[in-house]
Amino acid sequence: MYYVYLLKSKKDGKLYIGYTNNLEKRIAQHNNGEVFSTKSRRPFELIYCEGYKSLQDARRREKNLKLFSKAYYGLRKRLVESL
């Protein structure tokens, strides 16, 4: 399985979007400062994830969300309403 995930920084409240095939390990890497792009914004909490059978589907979804498309704003709206 591959996962597209959204993390929220407890430091600045900003979101991070990524994908992985090992969700627990990847979140630990973010929180341990092992990911350069998020090192200064830790700690993080997982606020959302989606599972995919194929790597291509996960990459496509991550890219779509990172383009701040209608999909991103729709998901963000659902998340804000549920938090």
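The values are calculated or read from the model by the stated rules, or taken from the named source; none is laboratory data. What you are looking at is a predicted structure, and each value in this text was computed from that prediction instead of being measured. Here the Cβ positions follow ideal geometry from the backbone for every residue, glycine too, while neighbour counts run over all protein chains shown. Accessible surface areas use protein heavy atoms only, side chains included; no ligands, DNA or RNA. Shrake-Rupley method; radii C 1.70, N 1.55, O 1.52, S 1.80 Å.
List the GluC sites (Glu not before Pro) within region 10-72 that DSSP assigns to loop and that have no more than 14 neighbouring Cβ atoms inside 10 Å. Intermediate values should be presented prior to the final figure.
Values: sites: GLU24, GLU34, GLU45, GLU50, GLU62; in loops: GLU34.
In loop regions of region 10-72 (DSSP not H, G, I, E or B), the sparsely surrounded GluC sites (Glu not before Pro) are GLU34.
Element breakdown for the chain at a 1.4 angstrom probe: carbon and sulfur atoms account for 50% of the accessible area.
Using a 1.4 Å probe and counting only protein heavy atoms, arrange ARG26, ARG59 so the residue with the most accessible area comes first.
Output order, biggest surface exposure first: ARG59, ARG26.
Based on protein heavy atoms only, the chain ends up with 68 Å² per residue of surface accessible to a 1.4 Å probe. Potential lengthening of the chain between MET1 and GLU50 amounts to 16.6 nm, from the contour at 0.36 nm per residue minus the alpha-carbon distance. Hydrodynamic radius of the chain by the Kirkwood approach over all distinct alpha-carbon pairs: 13.0 Å.
Among the listed pairs LYS39/LYS63; LYS8/LYS53; LYS25/LYS70; LYS11/LYS39, those with a Cα-Cα distance over 18 Å are LYS39/LYS63; LYS8/LYS53; LYS25/LYS70.
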